[in-house]
Every structure is written in structure tokens, then in C-alpha cells.
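No value in this document is a laboratory result; all are computed from the given coordinates. All of these numbers come straight from a predicted model, not from anything done at the bench. Backbone-built Cβ (ideal geometry, glycine too); neighbour counts: all protein chains shown.
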Amino acid sequence: MRVYVATKNEGKLRELRAIFAGSGWDLMQHDGYREVLEDGATYAANAALKARALHAQLAAQEITEAVIGDDSGLEVAALDGRPGVLSARYFGPNASWPERRKGILAELRDAGASDRRACFVCALHFIDGSGREVAVERDVQGRISEGERGSAGFSYDPIFEYPPAGRTFGELTEAEKNAVSHRARAARALLDTVDETPFPSNGGP
């Protein structure tokens, strides 16, 4: 089944393609995708906004295919759950990912926080070619490391330590991360849910 992903984030698209490999879902990027304002109060709301926008944009071009919208974020306990849904815009829309990571570490240091608990959350919103929708959300628990470690992955991965491995997501291989990440857990839940629901074919291969 061909599925278009509502994102221009190459790192997210690459990760989703790896996660869905072997599922029978062929994840595609629509070059004409116009990003929407992510003003939802929750990850689920933002994921739905993206999916519905792309679905409408494809329909306007008479393209009848399935789509996925993804919204994810980092929640830090000692920061009252920040950055949360603002994760991709924390410290301003023009801040770089290294600046955001350094900012999180500085906030914890300045607050003298000993509580390093954090979690990554991912919401996926799926719409098939007929317009039927499925939404799922999953998370993975971890902690904020004392400093950046590793250069793999993207976004906050180098400061998010996964305790069972004793390493940050930035230190894990792609396969290791994709076995345990919030996005992988949400993808498995989505596949399980869609498999249990009789969706009509969208005409894709």
C-alpha cells in the first residue's frame, strides 16, 4: 500500500521508512506538501492536522492515496513536561537542534534539578484513500543525560538516555532505536489497529 507522509523532515521520513520496512506500506513524500500551522493543544491534534491537510492537498490533485501525519515531542519531568508539543519550536522557530539540546541541559542545570526523568511521545494519524481515520499514540520512558552523547538520530536523541541500554538514542544504532522508540511503538500499534479494521483498498500497489 502506498502511503504519503505529511512531513518535510528528512530525518523523520527516513526513520519512518525504516520502521515500516517489510510491513507492505510504501512510504512516500509528496513534493507539493504545504505544511500547516501546528497549533493543536496535543500531539494527536497536530498529527491529525498534518494528515488531513495532506489528504486534502492530494485530493485536490485527484490523488487518492493513504496518508500519515506524525507529531512527537520530548517531555521533561523537572520542566513540568516542557517542551512537549512545542518541541520542534522550543527556544523559537529559528533555533537549531543543537541550540535546543543545549537549552534543555542549561535549564536543568540552572534549576538544580536532580530529577532527570523524561519521555518521548509520538502520535500517528492515518487516513486511507476513502477518508477513514485511525489515531494512535505511544511513548518511551527515559532520562535526560548530563551532556550530549552520540551523533546518530536527530532532534533530542543525543540527550535522551534509554535506561535499559544505558545509552542515549544518539548512541544507539538505527536498528536498536527502531526496536524501542516511541515512533516504532506507535507504528506497531497503528499497523495492528489497521490490520484489525477492514479498510478499502486505496488503489496503491
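Remark: relative contact order (the chain) = 20 percent; criterion is Cα-Cα distance under 8 angstrom and separation of 6 or more residues. Among residues other than residue 186 with Cβ under 9 Å from its Cβ, the summed charge is +1 (Lys and Arg +1, Asp and Glu -1). Placing one equal scatterer on every Cα of the stretch 96-147 and applying the Debye formula, the log10 ratio I(q)/I(0) at q = 0.23 Å⁻¹ is -0.90.
Rg/Rh, computed from the Cα trace of the chain with Rh as the Kirkwood radius, has the value 0.99.
The length gained on full extension between residue 31 and residue 152, counted as 0.36 nm times the residue separation minus their Cα-Cα distance, comes to 41.0 nm.
For the pair residue 116 and residue 86, label points projected 7 Å from Cα toward Cβ lie 2.5 nm apart. Under the convention that each Lys and Arg Cβ holds +1 and each Asp and Glu Cβ holds -1, the size of the dipole of the stretch 2-195 around its Cα centre is about 260 debye. In this rough spin-label picture, where each label sits 7 Å from Cα along the Cβ direction, the residue 174-residue 193 distance is 2.7 nm. Annotation: aspartates and glutamates with alpha-carbon distance below 16 angstrom to residue 177 (same-chain offsets under eight excluded): 15, 139, 157, 161.
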